[in-house]
Amino acid sequence: MKLGVLVSLTDAKGLDKKFADLQKYGFDSCQICSWDPSAWTDENAAAVKEMSEKYGITVSAFWCGWEGPAMWNFYDGPLTLGLVPVEYRYARMKNLCDGADFAKKFGVTDVVTHMGFIPENPTDPAFAPLCAAIKSVAAHLERNGQYLLFETGQETPVTMLRCFETVGYNNLGVNLDTANLILYGKANPVDSLEVFGKYVRNIHAKDGLYPTNGRALGEETRLGDGKVDFVAFFKKLHELGYDSYVTIEREIEGDEQMADIIHARDYLRSIIADVYGK
């Protein structure tokens, strides 16, 4: 099991310190995250590869953002997130393909994104065109020898599974964000593994609470302070044979963010050692 964190990419200048800090704090992997296509340059790709080799940090995935508005709530989210909104779809398909090409330059095979609020009703007229768009992106990544990972959150597990089945490509996978399933009120992350466990290729270790109203997501918390049962979660992962990447995510800023990340590192190490015996 490889523990890591998310590393934000804006330009090459700050990467050395970010990778040095990963090594300093005992992490051996990371996901590179970028929402800015102007940062997806040959120079930055070379810098990521150089820093990865210099500090012995495996880049497990590229978290690929997309252009246009993004509102993280239950009213504006369906209108703005991922490939679901038709008015942004083509541009974002290009973003994902360009991001995948960028990731290929530093040897990363897994590209992660949010697809948006995928329609739960398979007869919804918006469902088939969305799957066709995803199929086009998946085909591009397949030619690159890459996987397209859906980050959990805006859809139920069975909706994601149905989308995979409809798209029909073998290079689709799951970046399972343990908190997002709870924050969006969509599922329990332990139970979700019963539905799409075989597709999981990366984990976002995050914690949180269920929504308390119909407009806003639930509250993210420090690991161990929310509703995720990490012991049961890792036991189920172990049963499924998962022994790969766990990427810590804490969506706050400042000194508290690093303190919570270090807490999460130690918290997860203890659980993984008990469950996996190492």
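The values are calculated or read from the model by the stated rules, or taken from the named source; none is laboratory data. As the structure is a computational prediction, the values presented were derived from the model and not from experiment. Cβ coordinates were reconstructed from backbone atoms using ideal geometry, including for glycine residues, and neighbour counts include every protein chain displayed.
Here SER244 clears all of (1) buried (at least 18 other Cβ atoms within 10 Å of the Cβ); (2) within 26 Å of ILE134 (Cα to Cα); (3) not aliphatic (A, V, I, L, M) except the condition numbered (1).
Residues are listed down the side, and each one gets a yes or a no for (1) of a type in the set (Phe, Trp, Tyr); (2) surrounded by fewer than 18 Cβ atoms within 10 Å (Cβ to Cβ); (3) free of Cβ contacts under 8 Å to residues at least 24 places away in the same chain:
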| site | (1), (2), (3) |
| --- | --- |
| THR166 | no, yes, no |
| GLY173 | no, no, no |
| ASP177 | no, no, no |
| TYR184 | yes, no, no |
| VAL195 | no, yes, no |
| ILE203 | no, no, no |
| LEU223 | no, no, no |
| LEU237 | no, no, no |
| ARG250 | no, no, no |
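Is it fair to say PHE19 is out of contact with any Leu (no Cβ under 8 Å at 6 or more places or on another chain), crowded, with 19+ Cβ neighbours inside 10 Å, over 24 Å from ILE118 (Cβ atoms) and not small (Gly, Ala, Ser)? Taking the combined requirement at face value, the residue satisfies it.
Would you call ALA259 within 19 Å of PRO189 (Cα to Cα) and more than 18 Å from the chain's Cα centre (by Cα)? Answer is no for this residue.
Could we say that ARG215 is exposed (fewer than 14 other Cβ atoms within 10 Å of the Cβ), touching a residue at least 24 places away in the same chain (Cβ under 8 Å), more than 19 Å from TRP63 (Cα to Cα) and of a type outside the set (Asp, Glu) here? For ARG215, the condition - exposed (fewer than 14 other Cβ atoms within 10 Å of the Cβ), touching a residue at least 24 places away in the same chain (Cβ under 8 Å), more than 19 Å from TRP63 (Cα to Cα) and of a type outside the set (Asp, Glu) - is met. Output yes when any residue across the stretch 20-37 is of a type in the set (Ser, Thr, Tyr), touching a Cys at 6+ places or on another chain (Cβ under 6 Å) and at pLDDT 95 or above, and no when none is. No, there is no match, as no residue in the stretch 20-37 is of a type in the set (Ser, Thr, Tyr), touching a Cys at 6+ places or on another chain (Cβ under 6 Å) and at pLDDT 95 or above.
Counted as qualifying within the stretch 1-116 are the helices (runs of 4 or more DSSP H) with 2 or more residues that are touching a Pro at 6+ places or on another chain (Cβ under 9 Å), namely 77-80, 86-105.
Quick grid of which residues meet (1) under 20 Å from the mean Cα position of the chain (by Cα); (2) of a type outside the set (S, T, N, Q):
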site: VAL86; (1), (2): no, yes
site: LEU96; (1), (2): yes, yes
site: THR113; (1), (2): yes, no
site: PHE117; (1), (2): yes, yes
site: ALA126; (1), (2): no, yes
site: ALA133; (1), (2): yes, yes
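Within the stretch 52-75, the only residue that satisfies the criterion of being closer than 26 Å to LYS17 by Cα, in contact with a helix residue (DSSP H, G or I) (Cβ under 8 Å, 6 or more places away or on another chain) and among the charged types (D, E, K, R) is LYS54. In the stretch 58-66, the count of residues that are among the hydrophobic types (A, V, I, L, M, F, W, C) and either surrounded by fewer than 20 Cβ atoms within 10 Å (Cβ to Cβ) or free of Cβ contacts under 8 Å to residues at least 24 places away in the same chain (or both) is zero. Of all positions in the stretch 72-88, none carries a residue that is buried (at least 16 other Cβ atoms within 10 Å of the Cβ), in contact with a Phe, Trp or Tyr (Cβ under 7 Å, 6 or more places away or on another chain) and among the polar types (S, T, N, Q).
Among the residues examined, ALA12 qualifies as out of contact with any strand residue (DSSP E or B) (no Cβ under 6 Å at 6 or more places or on another chain), surrounded by 15 or more Cβ atoms within 10 Å (Cβ to Cβ) and modelled with pLDDT under 95.
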